[in-house]
1. Pull up all non-local amide H partners of C40: gap of 5 or more, or a different chain, and H-to-H distance under 5 Å with H placed in the peptide plane.
2. Grab the beta carbon distance between A73 and V117, set R0 = 22 Å, and tell me the FRET efficiency rounded to 0.05.
3. Can you give me the long-range amide H partners of L105? Hydrogens built in the peptide plane at 1.01 Å from N, cutoff under 5 Å, separation of 5 or more residues or another chain.
4. Extending each Cα 7 Å along its Cβ direction at D44 and N107, get the distance between those two points in nm, one decimal.
5. What are the residues whose amide H is under 5 Å from the amide H of F116, where those residues sit 5 or more places off or on another chain and H is modelled from the backbone?
6. Using θ = phi - 60° and the Karplus form 6.51 cos²θ - 1.76 cosθ + 1.60, what ³J(HN,Hα) does each residue of the range 115-125 get, whole Hz, x for Gly and Pro?
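None of the figures in this text is laboratory data; all of them are computed from the coordinates on show. Keep in mind that what you see is a predicted model, and the values were worked out from it rather than measured. Reconstructed Cβ throughout: ideal geometry from the backbone, glycine too, with neighbour counts over all protein chains shown.
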Amino acid sequence: MISFGLISLPMWAKFQISVEGDWVPYYPAPSSLLPPFFACNGGDANGYYCNPAIDREMTEATLLQLQGPAQAAATWTKVDHQLTDQAEWVATVDLNEVDIISSALRNYEFNPVNGFVADQAVAHD
C-alpha cells in the first residue's frame, strides 16, 4: 500500500475518480453528490467521465429542484439508475473508524459524518 503523502502527480493523473478521504456532500441531495463526480466539468471527476446527455439531465434536475421538486427527484433517480447501469463508479469505502482515547480526555464526542468533535474535548492531567 502506498502512503497518501507519497502519491506523485503522475500517479494522480492515473486516478479516474478520487477524493482524499475527506469529501462529504455540501447538502444531502443528489445535486450535491452526483455532479462533482459525473458532470463533464465535475471538480472531482478528473476528466475521465463525460456523458453530455447525463450532464443535461443533471442540469435539468438542478433547475427543477425549486419549481418542481417531484419532477427533479424523478430526474435525479433516472440519472442515478443510468450511472448505476453503466457501472461508472465502484465505491471503495471502509466505514469503520477507530478513535483511541485516553482516560484523561473529557467530553469526547463522535459525529458519524465528521468523526471526532474536538472543539468540546478537554484533556486533563
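1. N51
2. The formula returns an efficiency of 0.10 here.
3. H124
4. Once both label points are built, they end up 3.1 nm from each other.
5. For F116, whose amide H was placed from the backbone, the distant partners under 5 Å are N111.
6. Along the range 115-125, the couplings run x, 4, 9, 7, 5, 9, 6, 9, 9, 10, 7 Hz.
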